[in-house]
Amino acid sequence: MAAIEARPRTLISPAQLGRRRGKVTYWIVFGLTMTVFTLVFLGPLYWMITGGLKSTAEVIQSPPTPYPKDPSPETYGDAWDRLNLAKLLGNTLYYAFGALAFQLVLCVAAAYSLSKLRPVLGNVILGMMLATLMIPATVLIVPQYLTVIDVPLFERNLANSPWAIWLPSVTNAFNIFLLKRFFDSIPQELLDAASMDGASRIRTLWSVILPISRPILGVVSIFAIVNVWKDFLWPLLTLPDPDKQTLNVGIYSLSTGVSENVLIAAMTIASIPTLLIFLIFQRNIMSGLTAGGLKG
Amino acid sequence: MRSSGFRRTWTTAAIAAAFALTAAACGTSSTDEGGGSDPGSDAGKPLDKKAKVTISIDCMPTKTKDDELKGWNRDIKAFKKLYPNVTIKGKATDPCLEPPRFTAMLKAKSQPDVFYAYFTDRQQILDNDAAQDITPYVNNKTVPALGDISGNVLNDLKSDDKLYGLPREHYSMGLLVNRKLFKKAGLDPDKPPTTWEEVRSASKKIAGLGGGVNGFGIYSATNQGGWHFTASVYSRGGSVVTPDGKKAAFNDDTGKAVLQQLKDMRFKDESMGKTQLLKWGDLQKQMVSDKLGMFLAAPDDLNMMAQQLDAEYSRFGMGPIPGQKYTLTGGDAYYVKKGISPEKTKAAIAWLNFRFLSQGKGRFDWPKIKTDGLPVGLPQPDFWTGETRKKDDAAREKDATVPVENFQAFRDNPVPGKTEPAKAQEVYKILDVAMSTVLTNKNADVDKLLDTAEQQVNQVLANG
Amino acid sequence: MSAPALTRSEAPKGRPSGKHAAGPPAGRRREDIARSIRRNLSAHGFLIGAVLCFGFFSWYPMVREFLLAFQKNKNGVTTWVGWRNFEQVINDPAFWQAWRNTLLFTALALVLGFALPFLVAVLLNEFRHAQGYLRLLVYLPVMLPPVASVLLFKYFYDPGHGLFNAILGSVGLPEPEWLQSTDTAMLSVVIAATWMNMGSATLIYLASLQGIPGELYEAADLDGAGLWRKIWHVTIPQTRLILSLMFLMQIIATMQVFVEPFLLTGGAGPEGSTTTVVYLIYQYAFNFNNYGAAAALGLMLLLLLAGVSGAYARLNRSSGE
């Protein structure tokens, strides 16, 4: 019970919890929540993983079986092979990390400029960028798509090329906003000291700002990757070539032509990379969402 | 101080320049292919064997279609021997065409040199200026069997007497049945129902087997509900749009009968199962797992079921479409991209001829297809006439792996074909609602649904 | 007033020489201007990449949306057609239905997707144990590829062999038709969407809850406030800013729902009951090849959302004073 004393005060007073009735209620509610949450959030994952091990007939059997009667792990191999998951996975990784690189370079540079260099019209530009947050991406999908297939001035068609994912990914006003906020909190004196030493701006950015900004860079990076990983409609439209598709789109396209258990196995495989990212970086993700996100 | 300032500006300029460069390098495909599309006088001559060209083509079988892929790869090899300087770059696609992907592709002009499309996409292809007139290239020398391709089929690929594509598949719809369930329910699998009343009673019997088995299934989502509605209306002798394509024509007794029967089968008989909003793939999967007795299909649905869902094809059979007035026919073809060089065009036609249009070769090389594990003996593709038809039919029969009697009823009762309506996708979208309603709402008002749909279709057709 | 601040406010103006003799000598001024130009050049240099991307892929498409809405493109020829696209869109019988469905979805999503995460956050914040584990659970679905999550729910909802009805049936509860009925289709879509997305909102609320000073609750205790009164008078007012911001974000996000209905019901749903505005836009553009109509409809949605955002900003300002 020492933990209770150490915690900051919340809704329920420690005194109330310390009483017998309080304790009982707490443990009942806690136990219920644990059970329900585990069922609601892990249950579907369990169903998905075991679904991939069942036979086709068993998957669509009514009522559903709680665990595979005759587990056949080869379904996973079959899914990997038939849906060409290696290729889809490779594509998605390529797009995601490319988008990350673009966002890290261009968004960081922009946020640095807006926060510390403060050019003329900087605030107007920032305002225009933030305004895009208020406009849902899907509403603009038609003109955006028409732009990508025939980029004005350059007269290039970016369809089926990774640029169709990478360049639009930079227009992430939220990331720029997060970065700028963070940079704003870096004391000017640090930069002044650096420029006294004759460091150029790019050097200051590189060796003063970026090292301090590791946490926020981590957060922005994860968002950048996850965004690409989760996107559906945009890659569906801009990457029509099946050799260039992402996991999401590839699985969707092929879902009609494979049996249920193979499809479920493919869904499981597709879920693994982001789940791994999440489990490894959960601390960064959580803190990024909260501290860096909307609180500051 | 000064020099540092200069350096700063310089760095900035470098960043800007670097970005400009990356931006300029963005495009991987240039919008203009260049190259004259003027066929010249020797367009009609077959491809020069020395010509060194590479052509890209989509709708190559994916790994999920492993059996078909074997044949494709074998043909690529054989073709390479014939034309060592021609390289065929296949793009695996499954499904070969998805409307949004297709629209996006045409709009972006990112279609491969030889691209796949349904017959019904002709207008959209022409509107987008996506395909070239291949009339000068196609003759008895380049496509020897040309004279034996059904004129109706070729007409579907022509506009103003100019030929734009070569057929790949041509089908007419029938009633696919699960022979095992038929037997179990005490029905004769060799005599599938030929009227809609018989469909209803058979469906009831099959659903009576229990265990989640449904008697009859039909699509009702992603614009495919409209497609199956159309097929059902045709089978009863009705039409979806007037012959001039200006008005809806389904709001009559035929249309009502179609919807009413589906509603009765779904709610009164409860022989269609609770799960609706089905689309392509769903019914095939149900049938393979012996949960479905019948659905409207083309013979090559069996191809998909055999190689993608690993079904044993002797378990299924086909009868003519119930009602037998008209059957919906359709097909798909390969078109040649506008703007590619005459040499490439010739290579494209040589390949299409080799794989898709030669009796006894490529996809008509039945002995080899048999060893690949694909069903042989299906009444599809169905576009040959005359001498070629005779030879091909005999060849199919000789190596048939699908028991002949399974498709006997379909073959013995040919039903006249009827093609899909104008503006099919938009019309189908509207009819989807009527279909999903009668299949999910037991209080659905058939008359009202048809009234609304008629009004809407008229509007779409009037919009031109 | 530090020196740099002074230069900053003065430099960008770059006015002609001062009227007062007390002003800096002309030479220094010129140097100032030159430095300011250099400074600005370099600052814009850092910005240019992002600005170009925004220009091409965000701002220009926005302008283009307006233009497209008044154009028609046939056989590569673009013509101005005035309000015809709008007329066509409004006359589409699916138009009002799509708006009704979208508003219904938004309303349901707000009840579930806005209230539920808040309640969960309040609950989790009280726990002295396993908070990390529970937070992890709630956020887990956010990390799954949406296609996988949605297809998963499609299997669960199946009235024939689905998990949900098997569970409900085994405990003797009525088995709804989920996606198969007009009455429940949209709700089913919302449930799936909430499961998929509630993690982010929950964590954000949780963080803001942890920022509430404990003394406020202690004071409320002294006043003898019960649980609900404490939530009403302390928790909600203290997190008002985040709540209202999330409310707006939620509206914007839900109004553009696409993937969930598209994959669950094929888009239209039973009797068209899950046809949303965005799905209609998609149909126009990519199934019917009618970009004008798609843009016209998109523009309407855009203006509506701009209105919502504007109203929000106003409300927030007036209540913030």
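The values are calculated or read from the model by the stated rules, or taken from the named source; none is laboratory data. What you see is a predicted model; the values in this text were computed from it and never measured. Cβ atoms come from the backbone with ideal geometry, glycine included; neighbour counts cover every protein chain shown.
Can you pull out every residue in segment B:209-223 that is without any contact (Cβ under 8 Å) to a residue 24 or more places away in the chain and either outside any loop (DSSP other than H, G, I, E, B) or outside the structural domain of B:Leu439 (by TED's automatic domain parsing) (or both)? Matches in segment B:209-223: none.
For segment C:263-272, indicate whether the set of residues that are within 24 Å of C:Ala207 (Cα to Cα) and either in a helix (DSSP H, G or I) or of a type in the set (Phe, Trp, Tyr) (or both) is non-empty.
No, because not a single residue in segment C:263-272 is within 24 Å of C:Ala207 (Cα to Cα) and either in a helix (DSSP H, G or I) or of a type in the set (Phe, Trp, Tyr) (or both).
Tell me, please, whether a residue that is assigned by TED's automatic domain parsing to the domain that holds B:Ala78 and in a helix (DSSP H, G or I) can be found in segment B:313-324. Even if it seems obvious, please write down each step before you answer.
Going through segment B:313-324, the residues assigned by TED's automatic domain parsing to the domain that holds B:Ala78 turn out to be none.
No: zero hits.
If I ask for residues that are over 18 Å from the mean Cα position of the chain (by Cα), of a type outside the set (Gly, Ala, Ser) and at pLDDT 85 or above, which ones from segment A:154-171 would you list? Within segment A:154-171, A:Leu158, A:Asn160, A:Pro162, A:Trp163 meet the criteria.
Of the helices (runs of 4 or more DSSP H) lying entirely inside segment A:33-90, those carrying at least 1 residues that are of a type in the set (Phe, Trp, Tyr) and either surrounded by fewer than 20 Cβ atoms within 10 Å (Cβ to Cβ) or away from chain C (no Cβ under 12 Å) (or both) are A:43-51, A:74-82. Looking across A:Phe102, A:Phe97, one residue alone is farther than 29 Å from C:Ser36 by Cα, at pLDDT 90 or above and in a helix (DSSP H, G or I). It is A:Phe97.
Note on segment C:71-118: residues that are modelled with pLDDT of 85 or more, surrounded by fewer than 15 Cβ atoms within 10 Å (Cβ to Cβ) and hydroxyl-bearing (Ser, Thr, Tyr) amount to 1. Every residue in segment A:206-258 that is buried (at least 23 other Cβ atoms within 10 Å of the Cβ), outside any helix (DSSP H, G or I) and within 14 Å of chain B (Cβ to nearest Cβ), please. Within segment A:206-258, A:Leu239, A:Pro240, A:Gln245, A:Thr246, A:Val258 qualify.
Return a yes/no flag: does segment C:222-231 have any residue that is within 22 Å of A:Leu11 (Cβ to Cβ) and in contact (Cβ under 8 Å) with a residue 12 or more places away in the chain.
Just the residues of segment C:222-231 that are within 22 Å of A:Leu11 (Cβ to Cβ), to begin with: C:222-231.
Going one step further and asking which of them are in contact (Cβ under 8 Å) with a residue 12 or more places away in the chain, we end up with C:230-231.
Yes.
Residues in segment A:26-55 that are more than 17 Å from C:Leu119 (Cβ to Cβ) and among the polar types (S, T, N, Q): A:Thr35, A:Thr38, A:Thr50, A:Ser55. Here B:Arg411, B:Arg363, B:Arg396 are screened, and the one residue that is under 23 Å from the mean Cα position of the chain (by Cα), over 26 Å from B:Gln324 (Cα atoms) and either of a type outside the set (S, T, N, Q) or in the same structural domain as B:Asp156 (by TED's automatic domain parsing) (or both) is B:Arg363.
Condition (residue is touching a residue at least 40 places away in the same chain (Cβ under 8 Å), among the charged types (D, E, K, R), within 25 Å of B:Glu420 (Cα to Cα) and within 14 Å of chain C (Cβ to nearest Cβ)) applied to segment B:129-151: is it met by at least one residue? Yes. Take the conditions out of contact with any helix residue (DSSP H, G or I) (no Cβ under 7 Å at 6 or more places or on another chain) and either closer than 24 Å to C:Leu302 by Cβ or facing chain A (nearest Cβ under 10 Å) (or both) and apply them to C:Ala253. Does it pass? Yes, satisfied. Cβ separations smaller than 6 Å between residues 6+ apart or across chains give the following pairs from segment C:81-94 residues that are without any contact (Cβ under 8 Å) to a residue 40 or more places away in the chain to residues that are assigned to a helix (DSSP H, G or I) and crowded, with 20+ Cβ neighbours inside 10 Å: C:Pro93/B:Gln456.
Filter segment B:421-443 down to residues that are in a helix (DSSP H, G or I) and of a type outside the set (A, V, I, L, M) and give me whichever is farthest from the other protein chains (Cβ to nearest Cβ). Outline the logic, then answer.
Initially, segment B:421-443 is screened for residues in a helix (DSSP H, G or I), giving B:424-440.
Next, only the ones that are of a type outside the set (A, V, I, L, M) stay: B:425-426, B:428-429, B:432, B:436-437, B:440.
Working: B:Gln425: 5, B:Glu426: 5, B:Tyr428: 9, B:Lys429: 6, B:Asp432: 6, B:Ser436: 5, B:Thr437: 4, B:Thr440: 4 Å.
My answer is B:Tyr428.
Residue-wise test of (1) more than 14 Å from chain B (Cβ to nearest Cβ); (2) of a type in the set (Ser, Thr, Tyr); (3) free of Cβ contacts under 8 Å to residues at least 40 places away in the same chain.
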| residue | (1), (2), (3) |
| --- | --- |
| C:Leu144 | yes, no, no |
| C:Lys154 | no, no, no |
| C:His161 | no, no, yes |
| C:Ser170 | yes, yes, yes |
| C:Ala192 | yes, no, no |
| C:Asn197 | yes, no, no |
| C:Ile204 | yes, no, no |
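Of all the residues that make up segment A:229-262, how many are farther than 22 Å from B:Pro99 by Cα and among the aliphatic types (A, V, I, L, M)?
Initially, segment A:229-262 is screened for residues farther than 22 Å from B:Pro99 by Cα, giving A:229-230, A:259-262.
Then keep just the ones that are among the aliphatic types (A, V, I, L, M); that gives A:262.
Adding up the residues that qualify gives 1.
Going through (1) surrounded by fewer than 21 Cβ atoms within 10 Å (Cβ to Cβ); (2) more than 14 Å from every other protein chain (Cβ to nearest Cβ); (3) of a type in the set (Val, Ile, Thr) one by one, B:Ile88 falls short only on (1). Within the span defined as segment C:161-170, one or more residues are under 18 Å from B:Met272 (Cα atoms), of a type outside the set (Asp, Glu), assigned to a loop (DSSP other than H, G, I, E, B) and touching a helix residue (DSSP H, G or I) at 6+ places or on another chain (Cβ under 9 Å).
Looking only at segment A:57-67, decide whether some residue is modelled with pLDDT of 90 or more and out of contact with any Gly (no Cβ under 6 Å at 6 or more places or on another chain). Checked against the condition, which is being modelled with pLDDT of 90 or more and out of contact with any Gly (no Cβ under 6 Å at 6 or more places or on another chain), segment A:57-67 yields no hits at all. Do we find a residue being more than 14 Å from chain B (Cβ to nearest Cβ), surrounded by fewer than 20 Cβ atoms within 10 Å (Cβ to Cβ), of a type in the set (Gly, Ala, Ser) and within 30 Å of B:Ala104 (Cβ to Cβ) anywhere in segment C:294-303? Looking for residues that are more than 14 Å from chain B (Cβ to nearest Cβ), surrounded by fewer than 20 Cβ atoms within 10 Å (Cβ to Cβ), of a type in the set (Gly, Ala, Ser) and within 30 Å of B:Ala104 (Cβ to Cβ), one finds none in segment C:294-303, hence no.
For segment A:155-205, the set of residues classified as under 20 Å from A:Gly98 (Cα atoms), within 13 Å of chain B (Cβ to nearest Cβ), among the hydrophobic types (A, V, I, L, M, F, W, C) and in a helix (DSSP H, G or I) consists of A:Trp163, A:Ala164, A:Ile165, A:Trp166, A:Leu167, listed by residue number.
Here is a yes/no grid of residues against (1) within 15 Å of B:Leu450 (Cα to Cα); (2) in contact with a helix residue (DSSP H, G or I) (Cβ under 6 Å, 6 or more places away or on another chain):
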position: B:Ser201; (1), (2): no, no
position: B:Ala221; (1), (2): no, no
position: B:Thr254; (1), (2): yes, yes
position: B:Ala257; (1), (2): yes, no
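Whether any residue in segment C:255-262 is of a type in the set (Phe, Trp, Tyr) and over 26 Å from B:Leu278 (Cα atoms) is what I want to check. No, that holds for no residue. If the condition is being surrounded by 16 or more Cβ atoms within 10 Å (Cβ to Cβ) and outside any helix (DSSP H, G or I), then segment B:182-208 contributes B:Ala185, B:Leu187, B:Pro189, B:Pro192, B:Pro193, B:Thr194. Is it true that some residue in segment B:403-410 is part of a loop (DSSP other than H, G, I, E, B) and either of a type outside the set (Ser, Thr, Tyr) or over 30 Å from B:Asp121 (Cα atoms) (or both)? Yes: one or more hits.
Every test in (1) touching a residue at least 60 places away in the same chain (Cβ under 8 Å); (2) within 18 Å of the chain's Cα centre (by Cα) is passed by A:Phe174 save one, and that test is (1).
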